[in-house]
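The values are calculated or read from the model by the stated rules, or taken from the named source; none is laboratory data. Everything numeric here is computed off the predicted structure, so don't read it as measured data. Glycine gets a Cβ as well: all are built from the backbone with ideal geometry, and neighbour counts include every protein chain shown. Keep in mind that these areas ignore ligands, DNA and RNA; they rest on the heavy atoms of the full protein, side chains included. Shrake-Rupley method; radii C 1.70, N 1.55, O 1.52, S 1.80 Å.
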Amino acid sequence: MDAAEFRKRGREMVDYVADYLEKIEKRQVFPDVEPGYLRPLMADCAPQDPESFEDVFKDIEKIIMPGVTHWNSPYFFAYFPASSSFPALLADMLCGGIGGVGFSWAASPACTELETVMLDWLGKMINLPEEFLAGKDGQGGGVIQGSASEATLIALLAARTKTIRQVQSEKPELTEAEIIGRLVAYASDQAHSSVERAALIGAVKIKNVPSDDKFTVGGSALKKVLDEDRAAGLIPFFFCATLGTTSCCSFDKLLELGPICNKENIWMHIDAAYAGSAFICPEFRHLLNGVEFADSFNFNPHKWLLVNFDCSAMWVKKRSDLIGAFKLEPLYLQHHHQESGLVTDYRHWQIPLGRRFRSLKLWFVLRMYGVKGLQEHIRKHISLSHQFEHLVLQDERFEICAEVVLGLVCFRLKGSNELNEALLKSINDAKKIHLVPCHLREKFVLRFAICSRTVESTHIKFAWQHISQLATDLLKTWEQNHHQQ
C-alpha cells in the first residue's frame, strides 16, 4: 500500500468507524457466538501472496464484528465506561502515524514534554495539591500508565524498594530476603483484585482491611490490623485506598486513613480508576479530600473522560521514589541531556521500556471539549444513574444495595441470590442490554453502570422497562415452580 492508496483507504476506514459509532445502537450489544467461533472462518495459516485491502475490509463484518461486544453501545451497562470520542480517535491515528517509542526525552522530546504538561493540566482540573505537579521545578509529577493495575503495581514496587532501604539502614544485619518476608501490604476487602495481584507479583503478603456497612474502610479498622501485625514482627509498608470501588463505587475514608499512613511511615496509594474523572466537577471534588496525605494517586481518563484506552493517569509526590526503584542506565539509553535536571525519562516511571505517544489523546480531548464540556459529560451520566435509581425505587419488588454517588447503581430483586442470578441470566440471554454482577457481602447484586458517550434518558427507560418485564416473567415461573414443589 503506497501513500496514495493509504489516503483513499484511510478515508474509507474513517467512514466505516464513524458509521459504526453513529449506528452502533442498531447492533446487538452482546455477540451471538460460541467459544472457538472464529477459527473455522479463517484460513489455517497466513497467505503466501498479498491480499487486497478490499478482501481484508469485507472480512471485518464477516469475521470480526460477529464476535464484538459493543462497549460504546448505549445499551452497554456493564463493568465501567471504556470511553472514546472522535478527537481521541484522531489523536490515536496521529500517534500511530508518528510511531515513535518515547522511553526517554531524547527518543522523542515532544512525547515526553507533552505528557508532563498534560498531567499538570489534568492535575489542576481535579485540584490536586501542588506537590503532585511537575511544574517548572516541583519534586512530583504525573505519568501515563497503561492501566490502574499497572499504577498500583508501580506504587507497590516503589514502596517496597523504599522500605527495604530504610529498614536496611536501621538494621544492617537483616538481608533483603528477610525484610521482604516480613513486608505486608493492605487494601480494603472491597478493593479491586489488581491490588492483590500487585502483591503477588511484588512477592509480598497482602491483608484485607474489613470495610463497614457502607463498604468503606475507616481509620480504626486499619489501625487495628496494623497494630496486630507490628506486634507479630511484621513490617507494614503499603496501603491502597480505593475511591469508587468496582463493586459498588464506595469511598474509603482518606481523612482518617491518611494521617495513620503518614505517622506509621506507610506508602498510601489512591486508586480512583473510575471515580477520579468526576473530581473535575467542583461538587464531587470533596470525595478526593485527604489526597494530600497520599504518596501516589491514579485515575483512568480512558474510563470516563472521553479518551480511548489506554490512558491511565498517575501522580507521585516524589518522583525520586519511582526513579530510585526502577533506574537502570545502559549506555545505549543514555543521552547528553539526562543529567541537566530539565528532562524526564519516563522509562524510569513504568514497567515496560517502550511507550506510545498517549498524551496526544489528552491534548486533543482537553482542548476540543474544554473543562466545561467534560464536566457536562460527567454530570449527564450521573443524572442518568439517579434516573435509573428512581425507577428502581418505584418498584417495591426491587431494592437498592449501595448509595448511588456517581454513575453506578447496585440493585436486585428482593429475594434469594438464585432468583437474582436467574434474572441476570435472562437479561444477558436476551442481549438487548448488557450487565455484570457483583457480590456485596453475601448478596448477589446487579450492577447498572452508565457507560456510553451517546447514552440518553430514553435508553435508561428502555433498559428499566426491559428489566422490569423480565422480572415479571421470571417471578411468575418462579412462583409456579415453587407451588409445584
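Just a few scattered comments:
- Our summary gives the range 372-483 a relative contact order of 25 percent, counting only alpha carbon pairs under 8 angstrom and 6 or more residues apart.
- Estimated at the nearest 10 Å², the accessible area of K207 is 70 Å² with a 1.4 Å probe.
- Of the labelled figures [x] 1.06; [y] 0.90; [z] 0.97, only one reflects Cα Rg over 2.2 N^0.38 Å as derived from the coordinates, namely [x].
- Normalised per residue, the volume of the convex hull around the Cα set of the range 342-481 (Å³): 182 Å³
- Cut-off 11 Å between beta-carbons: net charge of the residues surrounding M1, Lys and Arg +1, Asp and Glu -1: +1
- 12 Å beta-carbon shell around L408, net charge (K/R +1, D/E -1): 0
- Residue-span extension gain [A110 to C45] - 0.36 nm each, minus C-alpha spacing: 19.4 nm
- Reachable aspartates and glutamates from K23, criterion Cα separation under 15 angstrom, eight or more residues apart if same chain: D15, E61, E456
- Modelled FRET efficiency - R0 35 Å, R165 with S193, Cβ distances, 0.05 increments: 0.75
- Mean residue ellipticity, 222 nm, helices only, the chain: the sum of -39500 (n - 2.57) across DSSP H runs of n ≥ 4, divided by residue count and rounded to 500, is -14000 deg cm²/dmol.
- DSSP-loop GluC sites (Glu not before Pro) across the range 401-485, with at most 10 other Cβ within 10 angstrom: E442
- A full extension of the chain between L200 and H439 corresponds to an added length of 83.8 nm, given 0.36 nm per residue minus the alpha carbon distance.
- Rough spin-label spacing in nm, given labels placed 7 Å along Cα→Cβ, for A18 and F86: 0.7 nm
- The E403 and L234 beta-carbon pair, evaluated with R₀ = 25 Å, returns a calculated FRET efficiency of approximately 0.15.
- Distance from the C-alpha centroid of the range 169-218 to that of the range 398-417: 30 Å, rounded to the whole angstrom.
- Difference of contour (0.36 nm per residue) and Cα-Cα distance, L94 to K380: 100.0 nm
- Proximity of backbone amide H atoms, modeled 1.01 Å from N, is registered between S85 and N308 at under 5 Å, excluding neighbours fewer than 5 places apart on the same chain.
- Net charge, A134 excluded, C-beta distance under 15 Å - Lys, Arg +1, Asp, Glu -1: -3
- Once C-alpha pairs closer than 8 Å and six or more residues apart are averaged by separation and normalised to the residue number of the range 100-356, the relative contact order reads 26 percent.
- For the chain, DSSP calls about 55 percent of its internal beta bridges antiparallel.
- Of the solvent-accessible surface of the chain, computed with a 1.4 Å probe and all protein chains present, 56% belongs to carbon and sulfur.
- Think of each Lys and Arg Cβ as +1 and each Asp and Glu Cβ as -1; about the Cα centre, that makes the dipole of the range 3-82 roughly 280 debye.
- Rel. contact order, % - alpha carbon contacts under 8 angstrom, at least six apart, the chain: 22 percent
- Of all beta bridges that DSSP places with both ends in the range 100-356, some 35 percent have antiparallel geometry.
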